[in-house]
Structure formats: C-alpha cells, structure tokens
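To start, the structure itself, in structure tokens.
What follows draws every value from the coordinates through simple rules; no lab data is involved. Here the structure is a predicted model, which is why all the values come from computation and not from measurement. No Cβ is skipped: glycine too gets one built from the backbone with ideal geometry, and neighbour counts run over all protein chains shown.
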Amino acid sequence: APIPTSEPEKRNSVVPKSKPPEWVPDASTDHCSSCKSQFTFFHRRHHCRNCGQLFCSDCTKHRIPLPHFSIYTPERVCNDCFTDVKAKK
C-alpha cells in the first residue's frame, strides 16, 4: 500500500506529472511564502515553476530543468523545490 504523504510533501513532489501545477493567483497574497517579506513595486513576486507558490526574488534565485514536467530548460524555482528536485535526480 502507498505511504500517505502530507500536503507540503505533495506540493514539492517531483513524481512524474502530466503538467506543472496551477500558479497561485498574484492577488492571493502580499508576502513571500518562504521569508514572509512584503511584496512591493521593487520587491516583486515570482512563481516557483515546480510548486506554483509565490516567492520573492531572494527565495527564487535558483533555476533548474524540471524534466518531471517535460521542461528541459532551466526555470525559476523556490529554494525548497530546488533542494527537493536536486536530491531526487
């Protein structure tokens, strides 16, 4: 029987999927999902291409291919997804 996983583990999973996750709407939050810093005109929001959550530029510095989504060019990912994807290579 499969081992149940928590929601955060599902969000950061690199199990093969047919398509990338739907992005969290820009208007849904005014702060980074990781460091909680406020978004401003200069401190912009960015979507992680692996989990779809919103982060600031400091928390999405990494760019890697996402072959589990059939994306082979480096894309912006959050720090947690970068660590997860690299660990499962």
*With a point put 7 Å past each Cα toward its Cβ, work out how far THR73 is from GLU22 in nm, to one decimal.*
2.6
_Of the chymotrypsin sites (Phe, Trp or Tyr not before Pro) in the stretch 22-89, those whose Cβ has at most 16 other Cβ within 10 Å and which sit in DSSP loop_ = TRP23, PHE41, PHE42
*In whole Hz, what ³J(HN,Hα) sequence does the stretch 49-66 give by Karplus (6.51, -1.76, 1.60; θ = phi - 60°), x for Gly and Pro?*
6, 8, 9, x, 7, 9, 9, 7, 5, 5, 9, 9, 6, 8, 9, 9, x, 10
*Give a quick list of trypsin sites (Lys or Arg not before Pro) in the stretch 46-75 that DSSP marks as loop, anything other than H, G, I, E or B, with at most 16 other Cβ atoms within 10 Å.*
LYS61
